[in-house]
1. For the pair ASP239 and ASP67, how long in nm is the line joining their label points, each one 7 Å along Cα→Cβ?
2. Could you give the length gained by full extension between ILE41 and ARG202, i.e. 0.36 nm per residue of separation minus their alpha carbon distance, to one decimal place?
3. Of the listed peptides 179-192, 200-213, 66-79, what is their order by residue-averaged count of other C-beta atoms within 10 Å, with the highest listed first?
4. Which of the listed residues, MET125, ALA91, ILE41, is farthest toward the dipole's positive end in segment 22-131, when Lys, Arg count +1 and Asp, Glu count -1 at the beta-carbon?
5. Just list whichever of LYS43/LYS78; LYS165/LYS242; LYS44/LYS242; LYS78/LYS211; LYS85/LYS242 have alpha carbons separated by over 27 Å in the model shown.
6. How far apart, in nm, are two points set 7 Å out from the Cα along the Cα-to-Cβ line at THR75 and at SER34?
7. Need one number: nm distance between label points at ARG212 and SER171, each 7 Å from Cα along Cα→Cβ, rounded to one decimal.
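No lab work stands behind these numbers, since they all come straight from the coordinates. Bear in mind that the values here come from a model prediction, so they are computed numbers and not experimental data. Cβ placement follows ideal geometry from the backbone for every residue including glycine, while neighbour counts extend to all protein chains displayed.
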Amino acid sequence: MFNKARTKPASAALLLPVVLFMTFCGFKGEERPSEETERDIHKKVLTVDSHCDTPLHIVDKNLDMGDRHGSDWETGCKIDLPRMKEGGLDAAFFVAYVGQEGRDPEGYREGYERANLLIDAIHQMCEDYPDSVELATTPEDAYRLEKQGKRAIYIGMENGYPIGKDLSLISEFYDRGVRYITLCHGCDNDICDSSTDRAHPRDDGLSEFGKRVVAECNRMGIMVDLSHASDQSFFDVLDVSKAPVRMGFPNQKELDLVGFYFRLNRAPTTIRLTSFHGEADLSVSARNRGHGA
Ligand SMILES: [Zn+2]
């Protein structure tokens, strides 16, 4: 299904891996590899989970990531340091997910504080377990840490809502380690419209402020994540972004949109994926996946 051509690892943070995308590959006309082969591949490659909501469990349930927890949502979580090691997960984006409240100064302040609380928790975890994990901000960090037997912890921010209308906060979050921002979540915000805001069904896409957010993310080296974005937001961002964008937890619809966009532009319906390990061509098909927490 995909032809792997080894190239130099991507040097820019903007080209962080989409290794997970490869899990979407089917095996058209080929036998699925044995589980042993799959485990072998898993051991050899640098594995990255591009979206873990785990920090909200650290903050809201006071879970210690050094302990092994149950996986139920109410009392446990799906990811902790012992299970990252057992499962051979080399790197993960720990996410500061911020639910959306009012689009007013008080709401923005609370969103900003919540984002920072979650980022604080990620930093604290890295300080508490220096032998197991380290905060990572570049692709090279993951290779370095893998050699040291440590997990690389990247930071993503799910929802641009904590930025409110203050563009300067993007560089502030960058300085705190954030390397991707999911522009919106379940509701429209000042950056763009969401795919699931039932109260505002009209799809206005990316706002003028949102265009400046994308430009600032491009300038800083923060990946723009289009998960949760509306169709129009998706196309608007692709039109203005100067850097590759990401979809951290795409479903069939989002990958269909990618295929549609490529067809509109008279390009093949194949996506060229850049990863830590090179490049791969991937046909546009996927299973719907949830995201880990
Ligand atoms: Zn999430």
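1. Result: 5.2 nm between the two label points.
2. 53.5 nm
3. Descending mean neighbour count gives 179-192, 200-213, 66-79.
4. Highest projection toward the positive end goes to ILE41.
5. Distance filter (> 27 Å) returns LYS44/LYS242; LYS78/LYS211; LYS85/LYS242.
6. That separation, rounded to one decimal, is 4.0 nm.
7. Output for this residue pair reads 1.4 nm.
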